[in-house]
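Below: the structure, in structure tokens.
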Number of protein chains: 2
Amino acid sequence: MYENILKNVTRFISLTPEEETFFTDLLVCKSIPKKTVLLREGEICQFEGFIHKGCLRMYCLNDKGVEVTILFAIEDWWISDIASFQDQVSSKLYIETLEDSEIYMLDPTTKEKLLQEVPKFERVFRMLVQRNLSTLQNRLVSTIAESASERYLEFIKVYPSIPQRVAQYYIASYLGVSKEFVSTIRKRLASKGK
Amino acid sequence: MYENILKNVTRFISLTPEEETFFTDLLVCKSIPKKTVLLREGEICQFEGFIHKGCLRMYCLNDKGVEVTILFAIEDWWISDIASFQDQVSSKLYIETLEDSEIYMLDPTTKEKLLQEVPKFERVFRMLVQRNLSTLQNRLVSTIAESASERYLEFIKVYPSIPQRVAQYYIASYLGVSKEFVSTIRKRLASKGK
């Protein structure tokens with residue numbers, strides 16, 4: 001049951017059997033149906049979640065009220081609005097499940113307990129936040145610097161399985177283009193054998 | 001000499017006098033003239049720097065080759081392309097000084113030595129990366145979701161001293177508008193008493 005999450009954190013640190021148990025005892029496993037909104041703009045994010053199964057997305061609304069997908073997250077990824085979670089301030093983001101999902105969650109209290117008791121988890125969370133930062137930074141640079149076709153190529157590199165799992169609408173909302181344009185890019189790349 | 005940087009890190013952890021000395025002995029202080037590029041696209045970022053004095057910016061080139069400022073950093077901020085630094089991969093970003101600056105730098109070897117010797121620095125760097133992530137996330141949401149006037153208001157909230165310190169050109173390149181438009185927004189806000 002906890003094999004995946006333990007594999008995920010022991011990339012960065014090693015744990016004794018007692019520490020493993022202490023960690024997994026703090027996790028709350030939630031089964032969440034698809035299309036459930038876990039966080040809304042204006043709310044405070046109370047979870048940092050490891051995706052055991054499923055697919056989620058984080059999005060915001062643009063100045064015309066249109067949803068813009070910021071990132072997708074699937075098995076073995078962590079998801080949270082860490083800025084809101086850490087400082088307990090209102091989020092500007094939404095997080096929702098796109099598939100039926102199983103998520104192992106920490107809340108601010110259990111996370112602090114874990115860090116107090118097993119301080120080497122500081123390293124785990126530092127590495128996770130760094131990866132999150134790296135993803136967001138690439139997302140920002142790609143929004144600023146790349147054409148829609150380049151953004152699509154970058155997207156399938158980061159998320160190779162997503163095109164098979166989510167509706168084209170969500171991919172369009174990530175790339176900032178219309179659904180029709182996603183089809184056009186995919187056909188164009190398919191004809192080039194990409 | 002090290003007062004500011006020690007104050008900066010002891011927000012998150014407490015240090016013994018020996019740990020303080022171990023930390024400060026690892027820092028390399030560099031005086032860097034203004035308009036020096038410290039990192040270029042394609043290079044690997046070899047520093048994580050605390051700004052003791054000065055002002056820097058991080059930017060990328062958009063698909064038309066125009067500079068887009070991603071963030072500014074002044075006294076008491078840290079600056080690095082942490083994604084490039086951590087995984088030793090090519091950066092997509094540029095970092096340059098806008099004023100004569102004094103920066104305390106760690107490189108990958110000295111940072112690792114610090115974390116090995118004083119593991120509680122994991123917490124410091126986790127908190128710093130989280131703040132960096134929070135800044136970038138707000139930057140991304142504001143790029144996606146807000147009008148130019150709202151972006152300017154957000155900008156002066158995050159960087160109250162920057163309008164007095166840098167040329168209007170850089171502020172325009174942060175907001176994604178023309179220099180003239182920055183003037184117009186500032187006049188409009190001044191007449192409203194903001």
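Each value in this text was obtained by applying a stated rule to the coordinates, not by laboratory testing. Everything numeric in this text was worked out from a predicted model, so none of it was measured. Note: ideal-geometry Cβ built from the backbone for every residue, glycine included; neighbour counts use all protein chains shown.
Counting, for every residue in A:148-154, the Cβ atoms of other protein chains within 10 Å of its Cβ and taking the mean gives 0.
Remark on B:Gly176: its backbone amide H falls under 5 Å from none of the residues 5 or more positions apart or on other chains, H modelled at 1.01 Å from N.
Note on chain B: with a GNM built from Cα contacts shorter than 10 Å, the maximum mean-square fluctuation among B:Glu75, B:Glu180, B:Glu99 falls on B:Glu180.
Sorted from nearest, the other copies put their B:Gly65 label points 4.2 nm away, the label point being 7 Å from Cα in the direction of Cβ. Mean per-residue shielding of peptide A:58-67 is 3, counting Cβ atoms of other chains within 10 Å of each Cβ. Couplings 3J(HN,Hα) of segment A:48-64, computed from phi: 10, x, 9, 7, 7, 7, x, 8, 10, 9, 10, 8, 9, 9, 7, 5, 9 Hz, in residue order, whole Hz [Karplus 6.51 cos²θ - 1.76 cosθ + 1.60, θ = phi - 60°; x for Gly and Pro]. Entry note, chain B: the mean residue ellipticity at 222 nm calculated from DSSP H runs of n ≥ 4, each adding -39500 (n - 2.57), is -14500 deg cm²/dmol after division by the residues and rounding to the nearest 500. Taking every residue in A:102-112 and counting other chain Cβ atoms within 10 Å of its Cβ, the average works out to 0.
In this structure the amide hydrogen of A:Leu71, modeled in the peptide plane, comes within under 5 Å of the amide hydrogens of A:Met58, none closer than 5 places in sequence on its chain.
By other beta-carbon atoms within 10 Å, ranking B:Val141, B:Val66, A:Val124 with the fewest at the front produces B:Val66, B:Val141, A:Val124.
What you get for chain B, charging only the Cβ of Lys and Arg (+1) and of Asp and Glu (-1), is a dipole of about 1100 debye around the Cα centre. Taking 7 Å steps out from each Cα toward its Cβ at B:Asp25 and A:Arg165 produces label points 4.9 nm apart.
Neighbour counting of Cβ atoms within 10 Å sorts the residues B:Asp107, A:Asp63, fewest neighbours leading, into A:Asp63, B:Asp107. Taken over segment B:1-78, lysine pairs spaced eight or more positions apart, or on distinct chains, with alpha carbons under 19 Å apart number 4. A Förster radius of 41 Å, combined with the Cβ-Cβ distance separating B:Arg11 from A:Val158, puts the computed FRET efficiency at roughly 0.75.
Each copy carries a label point for B:Glu99 at 7 Å from Cα toward Cβ; from one copy, the others' points are 5.1 nm away, ordered from shortest.
Residues whose amide H falls under 5 Å from that of B:Leu38, counting only those 5 or more places apart or on a different chain, are B:Ile95, B:Glu96, B:Thr97, with hydrogens built in the peptide plane. What you get for the protein assembly as shown, charging only the Cβ of Lys and Arg (+1) and of Asp and Glu (-1), is a dipole of about 1700 debye around the Cα centre. 3J(HN,Hα) along segment A:167-180, derived from phi through the Karplus expression 6.51 cos²θ - 1.76 cosθ + 1.60 where θ = phi - 60°, amounts to 5, 3, 3, 6, 5, 4, 6, 7, 7, x, 10, 7, 4, 4 Hz, with x in place of Gly and Pro.
Each of the peptides B:166-174, A:131-139, B:30-38, A:37-45 was scored by the mean count of other Cβ atoms within 10 Å over its residues; in descending order, highest first, they stand as A:131-139, B:166-174, A:37-45, B:30-38.
Couplings 3J(HN,Hα) for segment B:12-27, derived from phi with the Karplus relation 6.51 cos²θ - 1.76 cosθ + 1.60 (θ = phi - 60°), are 10, 9, 9, 10, 6, x, 5, 5, 4, 5, 4, 5, 5, 5, 7, 6 Hz, where x marks Gly and Pro. Residues B:Lys157, B:Lys113, arranged from fewest to most other Cβ atoms within 10 angstrom of their Cβ, appear as B:Lys157, B:Lys113.
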